[in-house]
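Every read-out reported here was derived from the displayed coordinates using simple, explicitly stated rules and does not represent laboratory data. If you're wondering where the values come from, they're calculated on a predicted model, not measured in any experiment. Positions of Cβ are backbone-derived with ideal geometry, glycine not excepted, and every protein chain shown enters the neighbour counts.
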Amino acid sequence: MTIRDTSAQDRLIEKKPNRKRQLILLGAGAVVLVLLALLVPTAKRMLSTDTSVSASRLSFATVERGPFVRDIAADGRVVAAISPTLYAASPGAVVLKVNAGDAVKKGQVLAVIDSPELTNKLAQEESNADAMQVDYERAQIDARKQRLELQKARDNATVDQKTAQTDLERNQKAFAKGAVAQMEVAHAQDTLEKAQIALRHANADMNLDNDSLGFDVKAKKLAWDRQKLLVQDLQRQVDDLNVKSPVNGQVGQLFIAPTATVAKDAKLLSVIDLSALEVEVTVPESFARDLAVGMGADISGNGGDWKGAVSAISPEVVDGQVTARVRFEGRKPEQLRQNQRLSVRIVLDQRQNVLTVARGSFIDESGGNYAYVVRDGIAVKTPIRAGASSIDKVEILQGLKEGDKIVISGTDAFNGAQRVAISD
């Protein structure tokens with residue numbers, strides 16, 4: 001018996017395509033292709049760099065061309081250009097006549113020193129000077145008397161010489177007529193010679209004694225002059241016991257109590273000349289090299305603005321800072337006080353059309369020899385030559401062009417790599 005199969009009953013069922021699935025597969029393929037297109041260049045860049053650093057750790061700036069102002073901005077304090085400190089010229093008891101902050105005039109007595117020792121010494125030396133003056137005047141009188149005596153002796157010798165000359169002539173005439181003996185003529189001759197010798201000695205004595213008397217008088221005069229100088233010096237010291245203000249201004253700091261006993265050269269007080277105020281600023285050593293006396297400055301604060309100029313620069317560097325002073329020019333400030341804070345801006349250099357970039361740590365880290373230029377997410381180490389620096393900008397002399405984007409801080413993370421990938 002034969003069993004029939006079901007082939008006669010089977011029929012082919014046509015399978016309909018799944019459109020939704022095809023669309024999903026096509027979309028997934030397209031996404032994969034896009035991702036490949038995006039990742040392949042990135043992967044190539046990553047493979048071509050030495051390291052990768054996140055952009056959040058870096059700071060960037062664009063190279064620009066424009067004006068370049070190199071200046072120094074600093075806070076300063078008001079100081080008096082003339083602020084003398086007064087000292088005790090002698091030891092003694094001091095009484096202050098003013099208080100801190102008092103306005104004073106030049107020559108006004110600010111303190112009085114009581115020094116009995118100095119005043120007594122002045123009185124003694126004045127007495128000695130008076131005694132020396134008397135000695136000098138007495139020496140002048142004695143010299144005149146002695147000169148009169150010498151003149152008298154000379155006049156007598158002159159008369160004796162003339163008398164002897166007359167006697168000799170008379171005896172010679174009498175001898176010629178036989179009225180006197182030869183012995184009388186010889187005696188008259190001897191008398192004349194003695195008179196001539198006496199006259200010569202009188203002249204010599206007068207000249208020598210005149211010189212001697214002149215020296216004695218001059219010595220007395222010099223001693224008196226020396227004593228007068230000593231008295232003048234002591235008088236100056238006594239006058240200095242009245243401590244006077246050397247300037248018009250204001251009493252600054254008092255270094256002693258209103259009444260005190262002090263030693264010689266002890267500090268008493270200071271006086272501030274408010275008409276000659278300056279601003280003292282400290283600037284970094286790197287900028288101080290370009291500072292020069294006479295440079296212009298802008299001073300502001302206390303609700304005012306003033307023009308100034310650098311008046312002095314300290315030759316000493318302290319903690320990497322240099323101290324400079326700026327004087328006011330033109331309109332003088334009013335109601336400023338010692339040590340008041342003001343802002344100062346000193347212009348070192350000002351030029352136009354200069355290639356610059358924002359200042360950053362890359363200058364210090366590279367020494368101004370290279371910078372990392374960012375192109376297509378890659379920072380490339382590029383040699384440069386930097387010029388002058390201001391507070392916020394650096395002059396670029398070579399290696400960069402306008403529009404270049406560089407990394408200005410955070411390059412320490414690059415570890416000196418030649419190419420660094422910048423990741424988002």
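Summary of computed values
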| quantity | calculated |
| --- | --- |
| ³J(HN,Hα) computed for each position of the stretch 349-366 - Karplus, 6.51 cos²θ - 1.76 cosθ + 1.60, integer Hz, glycine/proline x | 7, 8, 9, 10, 6, 10, 7, 9, 8, 4, 6, x, 5, 4, 5, 6, 6, 9 |
| Modelled FRET efficiency - R0 51 Å, Arg385 with Thr85, Cβ distances, 0.05 increments | 0.50 |
| Residue-by-residue Karplus 3J(HN,Hα) for the stretch 325-333, coefficients 6.51, -1.76, 1.60, Hz, glycine and proline x | 10, 10, 9, 7, 10, x, 5, 7, x |
| Residue-averaged 222 nm ellipticity for the chain, from DSSP H runs of 4+ at -39500 (n - 2.57), nearest 500 | -13500 deg cm²/dmol |
| Stokes-Einstein translational diffusion, the chain - Kirkwood Rh over all Cα pairs, 1.567 mPa s, 4 °C, in µm²/s | 38 |
| Ala266 long-range amide H proximity, modeled H, under 5 Å | Ala88 |
| The chain, relative contact order [Cα under 8 Å, separation at least 6], % | 30 |
| The stretch 282-424, dipole about Cα centre (Lys/Arg Cβ +1, Asp/Glu Cβ -1), debye to the nearest 20 | 360 |
| Total charge dipole magnitude, the stretch 116-238, about the Cα centre, Cβ charges on Lys, Arg, Asp, Glu only, Debye to nearest 20 | 360 |
| Pairwise label distance in nanometres, Glu316 with Arg289, each label 7 Å out on the Cα-Cβ vector | 2.3 |
| DSSP H segments from the chain that extend 30 Å or more along their own axis, Cα-based, with Kyte-Doolittle mean of -1.0 or above | 19-48, 182-239 |
| FRET efficiency for Lys218 and Ile141, using Cβ-Cβ distance with R0 set to 22 Å, rounded to 0.05 | 0.90 |
| Inter-label distance for Ala260 and Glu334, nm, one decimal - labels placed 7 Å from Cα along Cα-to-Cβ | 3.6 |
| When each of Lys152/Lys194; Lys106/Lys228; Lys97/Lys244; Lys307/Lys393; Lys145/Lys220; Lys121/Lys267 is checked by Cα-Cα distance, pairs over 22 Å | Lys106/Lys228; Lys307/Lys393; Lys121/Lys267 |
| Spin-label model distance (nm) - Ala204 vs Asn302, 7 Å beyond Cα toward Cβ | 8.6 |
| D (Stokes-Einstein, µm²/s), Kirkwood Cα radius, the stretch 116-238, 1.306 mPa s at 10 °C | 86 |
